[in-house]
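Structure, as structure tokens:
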Amino acid sequence: MVGDKWSIFLILSLAKLLGNRAWFSELERTIPGISQRMFTLALRNLERDGLITREVFPEVPSRVEYELTSLGKSLLLPMQALVDWVATNWEQVKKAQSWFDAIQYSGEQTASRGQIEAKWQKQ
């Protein structure tokens, strides 16, 4: 459902940047770094889960519009809480990752979870 980063970016982009509705190309521009395949797959999965709708307009060239459903909109508050948590804790997470990576690549024995936590929190 919404377990991958692209789905989260898509839902937040639709809601925050594009007012809950956007053309395919508008939406694609809001998410740099995503491959065409992953973009299409994420949209398809969100549509399958009932979080967005897809409307094709029979024009030349064809246009496709995506819109958050009420179910998709109901995810915005929990997602914002996640975004806020990341913003608040990002530096701590980066410290923990750096410390873990240093241990992993130094050849030292893996420390217990408590030892790892205690060490990176002191830094």
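Nothing in this text is a laboratory measurement; each read-out follows from the coordinates by a stated rule. What you are looking at is a predicted structure, and each value in this text was computed from that prediction instead of being measured. Please note: Cβ atoms are built from the backbone with ideal geometry, for glycine as well, and neighbour counts cover all protein chains shown.
Details
- Qualifying residue in the range 61-72 (condition: within 15 Å of the chain's Cα centre (by Cα) and not β-branched (Val, Ile, Thr)): yes
- Qualifying residue in the range 23-38 (condition: touching a residue at least 40 places away in the same chain (Cβ under 8 Å) and either outside any helix (DSSP H, G or I) or of a type in the set (Ser, Thr, Tyr) (or both)): yes
- Within the range 39-70, restricting attention to residues that are in a strand (DSSP E or B) and hydrophobic (A, V, I, L, M, F, W, C), the residue that is surrounded by the most Cβ atoms within 10 Å (Cβ to Cβ) is Ile52.
- Checked against the criterion of being touching a Phe, Trp or Tyr at 6+ places or on another chain (Cβ under 9 Å) and surrounded by 12 or more Cβ atoms within 10 Å (Cβ to Cβ), the range 78-87 contains not a single residue that satisfies it.
- Remark: pairs (first residue in the range 39-56, over 10 Å from Trp6 (Cβ atoms); second residue among the charged types (D, E, K, R) and not in a helix (DSSP H, G or I); Cβ separation under 6 Å; 6+ apart in sequence or on different chains) = Glu47/Arg54; Thr53/Glu67; Glu55/Glu65.
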